[in-house]
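Just below is one structure, and these are the notes that go with it.
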Amino acid sequence: MNNLSRTKVRRWTTLLALLFIVAAGLITALATIEPDLLNPLHHRRDDVFLVTGFLIAAILSGSLLFPMYLEPKEDNTDDYEPEVTPELPYAGTDIEPLAKHPLVGYHSSADERDAILDRLRNATIIMIHRQTGISTDDASTRVRRGEWTENTTAAWFLGETPAPRSARFYARISDSLAFRHGARETISEIVTYEQRHNDTEANAP
């Protein structure tokens with residue numbers, strides 16, 4: 001099922017769940033205020049129908065809340081906050097506007113996302129070249145293979161490594177969310193990489 005179909009299914013599921021909830025609320029209110037109005041709906045097995053209706057509403061509502069409360073944990077969450085972007089000391093001149101945008105890439109077109117991806121990839125290659133002294137070609141190879149970081153999301157976003165669980169989760173909801181997640185993780189990892197190497201140089205004898 002493509003992303004457009006998933007989006008349509010989710011919208012219809014949302015609508016049906018809301019309709020069931022509203023209908024259940026109205027019936028409950030009528031039964032409390034004016035029970036006689038529900039006489040035409042009486043059936044010898046109306047208790048079964050009522051329970052079934054509430055179960056359907058609960059299941060549909062639960063399917064909407066599932067992604068909000070059961071978001072998978074990142075494969076590598078050691079010592080960094082994914083949604084917190086600190087100051088950008090060196091690499092920030094090119095990606096600082098992206099880091100300060102909380103919805104980076106979310107409402108962008110395909111061309112705009114490609115431009116963001118290229119900007120982050122180029123910033124990473126230049127950063128690795130500057131910090132390690134290797135050639136830009138070797139730095140590009142590291143990025144492509146995901147060998148520059150232990151953050152699986154950043155490695156996948158800029159390279160050719162398999163998508164981690166969190167990226168696959170967001171992709172099931174929408175490509176926009178998956179891109180935003182990958183971009184923010186990558187920006188955070190670029191900052192972490194830069195600061196880690198700067199601290200190492202500062203502490204060197």
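Considering the stretch 81-175, the qualifying helices (runs of 4 or more DSSP H), each wholly inside and each with 3 or more residues that are at pLDDT 90 or above, run over 110-132, 136-145, 152-158, 165-173. Scanning the stretch 110-131 for residues being out of contact with any Lys or Arg (no Cβ under 8 Å at 6 or more places or on another chain) and touching a residue at least 12 places away in the same chain (Cβ under 8 Å) gives a total of 14.
The values are calculated or read from the model by the stated rules, or taken from the named source; none is laboratory data. All figures in this text were calculated on a predicted structure; none of them were measured in a lab. All Cβ positions, even for glycine, are placed from backbone atoms using ideal geometry, and neighbour counts span all protein chains on display.
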